[in-house]
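The values are calculated or read from the model by the stated rules, or taken from the named source; none is laboratory data. This is a predicted model, so every value here is computed, not measured. Cβ placement follows ideal geometry from the backbone for every residue including glycine, while neighbour counts extend to all protein chains displayed. Note: accessible area is taken over every heavy atom of the protein model, side chains too, but ligands, DNA and RNA are not part of it. Shrake-Rupley method; radii C 1.70, N 1.55, O 1.52, S 1.80 Å.
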Amino acid sequence: MRHPLSSATTLALLAALTVWAELLLGYHPGLEDDAFYLAAIKRNLNPALFPHDADFFRLQFQATIFDKLIAFSVRFTHLPLAWVVLLWQVAAIFLVLHGCWGISRRCFAHPAARWSAVTTIAVLLTLPLPGIGLALADQYLHPRTLATAAILGAIGAVIDRRPWFAGVLLAIAFSIHAIMAIPGICFCAFLFFNQRGFSPQRSTFAPRAIALLLPLGWLFAPTSGAWRQAAATRSFYFPLRWHWYEWLGLFAPLILLYMLKVFLPRTETSRENKTALPALVSALFYYGVFYTAAGLAIMFPPSLERLRPFEPMRYLHLLYSLFFLIIGGLLGRYVLDRHLYRWLLLFVPLSAGMFYAQLQMYPASAHLELPGAASQNTWLQAFAWIRQNTPVDALFALDPHYMTLPGEDYHGFRALAERSTLADVEKDGGMAARVPPLAPRWLEEVNAQSGWQNFQAADFERLKKQFGVGWIILSRPPDQDSAATMAAMTCPYHQGQLQVCRLY
């Protein structure tokens, strides 16, 4: 075996993998969930923003330090927000890969296995996971990525039998993203007891883990018809709506982990058996079985519908992260070894496939939407014009399905235009499902915008009287607008089919 790499060389290789992972992943600030996160950061820096609709992110974000942390970074460094967010995104990916390296070096004695494990994760960050609407990492700065990095670090600390340090890291993860931290706490407990020689059946862990699944303080928020309509927009809340391949993705890792659990002790050398790999595989199997049973028990009964927005099936994010880490390490140990051509044959096509998928997912946007770069996306151009030319207290209305319209590419209006808007279906529906008091308002505003593509002057006047809407975005050609509609507004911005109009 070769001599181990120096710490500086290891960090340099992890930095190179981080750059490669980011190039595959792409970078799209303001995308999807970042419609909330980036808006919350901007409001922390400028409280005058979003005077009409801050509740759509403010209420839930009281439970996280994420937006406060990023805003503090801006104030501390005096760098533009766009650059601070980008630097945090790169740092988050690096910390995830560093956490994977820390686990792999405890699980594999062979250097090729260690680096194959980390490289596998770096290449597969954009892989969609079954049934939960998530990938291993996001194309923008998400607190889930930072929480995952802390959880991976905690797993390494548990392997090293440093429970207090693991507890600190898990507390950090919980303060950043509680929903993701709870499965991490659960897995670390399984791993801790597994290393001490306890099986889940003989320990008192299961009742404690079940308690961790139930954040009782939230259970008393009442549901309503409006809440159920908001929850219905999240297909991953309802396992019966899953496709067959999502069910396969739920159970296949458990079967493979069981096979590894049985197979590993018989095949690994005595030196390999002294690593943490058998304990990690065993703990991951028991964790997966327990959480699958508990998650489905919560997701199916109508009487527990209020628990669905806490997404207990998100345990799959950590399970798949560690599963691919293990598979990548075993490939490196038994297949790739030190044969460069084998590494290229595996990772070059895999990287190309992941890269191509990202280009197809957001075809109207640059793959790397870097600070200062001019966007070719007509929606983002309109958002930039709004940000620079409309009052900070303006209230907008636009198609409640605007994120899914051709060329929009799931960018959030609030985060990028920095203006208030009536509720949308794609993202605000999810927030209303998590925070039931928002659901009636969400439903009222979405219903008021129903049939948006056929709105005429009277409909826009109704929105102005009912909600105080002063500005709208139209996504239809000008020649389709009636004279009466255009007489009710002035449209100072035109770009392609997009118009930004002010209501009289």
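When each of P47, P29 is tested for being under 29 Å from G407 (Cβ atoms), assigned to a loop (DSSP other than H, G, I, E, B) and open to solvent by 10 Å² or more (accessible area, probe 1.4 Å), the lone residue that passes is P29. Candidates in the range 451-481 are the residues that are out of contact with any helix residue (DSSP H, G or I) (no Cβ under 9 Å at 6 or more places or on another chain) and in a loop (DSSP other than H, G, I, E, B); of these, the one that is modelled with the highest pLDDT is G468.
So, of the residues in the range 409-427 that are assigned to a helix (DSSP H, G or I) and in contact with a Ser or Thr (Cβ under 9 Å, 6 or more places away or on another chain), which turns out to be nearest to L59 (Cα to Cα)? Out of the qualifying residues, it is R414. Taken over the range 56-79, the criterion of being open to solvent by 20 Å² or more (accessible area, probe 1.4 Å) and among the charged types (D, E, K, R) is satisfied by R58, K68, R75. Among residues of the range 232-255 that are without any contact (Cβ under 8 Å) to a residue 24 or more places away in the chain, those with a Cβ under 6 angstrom from a residue that is part of a helix (DSSP H, G or I) and polar (S, T, N, Q), sequence gap 6+ or separate chain, pair up as R241/S235.
Every condition in (1) touching a Leu at 6+ places or on another chain (Cβ under 7 Å); (2) open to solvent by less than 10 Å² (accessible area, probe 1.4 Å); (3) of a type in the set (D, E, K, R) is met by D53 except one, and the failing one is (1). Touching a helix residue (DSSP H, G or I) at 6+ places or on another chain (Cβ under 7 Å) and open to solvent by less than 10 Å² (accessible area, probe 1.4 Å): is that true of A173 in this structure? Answer is yes for this residue.
Please find, within the range 177-191, the residue that is farthest from L95 (Cα to Cα) out of those that are in contact (Cβ under 8 Å) with a residue 60 or more places away in the chain and surrounded by 22 or more Cβ atoms within 10 Å (Cβ to Cβ).
F190
Within 20 Å of the chain's Cα centre (by Cα) and either open to solvent by less than 10 Å² (accessible area, probe 1.4 Å) or of a type outside the set (K, R) (or both), is that true of L331? No.
Is there a residue being within 24 Å of the chain's Cα centre (by Cα), in contact (Cβ under 8 Å) with a residue 60 or more places away in the chain and assigned to a loop (DSSP other than H, G, I, E, B) anywhere in the range 432-442?
Here is the first cut: in the range 432-442, the ones within 24 Å of the chain's Cα centre (by Cα) are 432-439, 442.
Applying the additional criterion that residues be in contact (Cβ under 8 Å) with a residue 60 or more places away in the chain yields 432-439, 442.
Going one step further and asking which of them are assigned to a loop (DSSP other than H, G, I, E, B), we end up with 435.
The answer is yes, given that some residue of the range 432-442 is within 24 Å of the chain's Cα centre (by Cα), in contact (Cβ under 8 Å) with a residue 60 or more places away in the chain and assigned to a loop (DSSP other than H, G, I, E, B).
Looking at the range 132-152 only, could you name the residues that are of a type in the set (G, A, S), surrounded by fewer than 23 Cβ atoms within 10 Å (Cβ to Cβ) and touching a residue at least 40 places away in the same chain (Cβ under 8 Å)? G133, the sole residue that qualifies. Residues in the range 221-261 that are over 19 Å from S303 (Cα atoms), part of a helix (DSSP H, G or I) and open to solvent by less than 50 Å² (accessible area, probe 1.4 Å): E246, G249, L250, A252, P253, L254, L257, L260. Checked against the criteria, F108 does not count as among the hydrophobic types (A, V, I, L, M, F, W, C) and open to solvent by 30 Å² or more (accessible area, probe 1.4 Å).
Would you please name the residue that is farthest from T145 (Cα to Cα), looking only at residues in the range 54-108 that are part of a helix (DSSP H, G or I) and modelled with pLDDT under 90? Break it down stepwise before answering.
Here is the first cut: in the range 54-108, the ones part of a helix (DSSP H, G or I) are 55-58, 60-63, 66-77, 81-107.
Next, from what is left, pick out any that are modelled with pLDDT under 90: 55-58, 60-63.
Values: D55: 24, F56: 22, F57: 19, R58: 20, Q60: 18, F61: 16, Q62: 19, A63: 17 Å.
Ranking the candidates gives D55 first.
Of L344, L325, all but one fail to be open to solvent by 60 Å² or more (accessible area, probe 1.4 Å) and not in a loop (DSSP other than H, G, I, E, B); the exception is L344. Quick one: is V90 more than 23 Å from R441 (Cβ to Cβ), surrounded by fewer than 22 Cβ atoms within 10 Å (Cβ to Cβ) and not charged (D, E, K, R)? Yes. Do we have F290 as open to solvent by 20 Å² or more (accessible area, probe 1.4 Å), touching a helix residue (DSSP H, G or I) at 6+ places or on another chain (Cβ under 6 Å), among the aromatic types (F, W, Y) and in contact (Cβ under 8 Å) with a residue 40 or more places away in the chain here? It is false that F290 is open to solvent by 20 Å² or more (accessible area, probe 1.4 Å), touching a helix residue (DSSP H, G or I) at 6+ places or on another chain (Cβ under 6 Å), among the aromatic types (F, W, Y) and in contact (Cβ under 8 Å) with a residue 40 or more places away in the chain. Identify the residue in the range 381-396 that is in contact (Cβ under 8 Å) with a residue 12 or more places away in the chain and among the polar types (S, T, N, Q) and, among all such residues, is most open to solvent (accessible area, probe 1.4 Å). The selected residue is N389. If you go through the range 375-408 and keep only what is of a type outside the set (K, R), over 24 Å from the mean Cα position of the chain (by Cα) and either over 26 Å from N454 (Cβ atoms) or in a helix (DSSP H, G or I) (or both), you end up with Q376, T378, Q381, A382, A384, W385, I386, Q388, N389, P391, V392, D393. With respect to the conditions (1) surrounded by fewer than 17 Cβ atoms within 10 Å (Cβ to Cβ); (2) aliphatic (A, V, I, L, M); (3) modelled with pLDDT of 85 or more, V446 falls short on a single one, namely (1). Listed by first and then second residue, the pairs linking a residue in the range 158-174 that is within 21 Å of A279 (Cα to Cα) and in contact (Cβ under 8 Å) with a residue 12 or more places away in the chain to a residue that is open to solvent by 30 Å² or more (accessible area, probe 1.4 Å) and acidic (D, E), with Cβ atoms under 9 Å apart and 6 or more places separating them unless they lie on different chains, are A166/D160.
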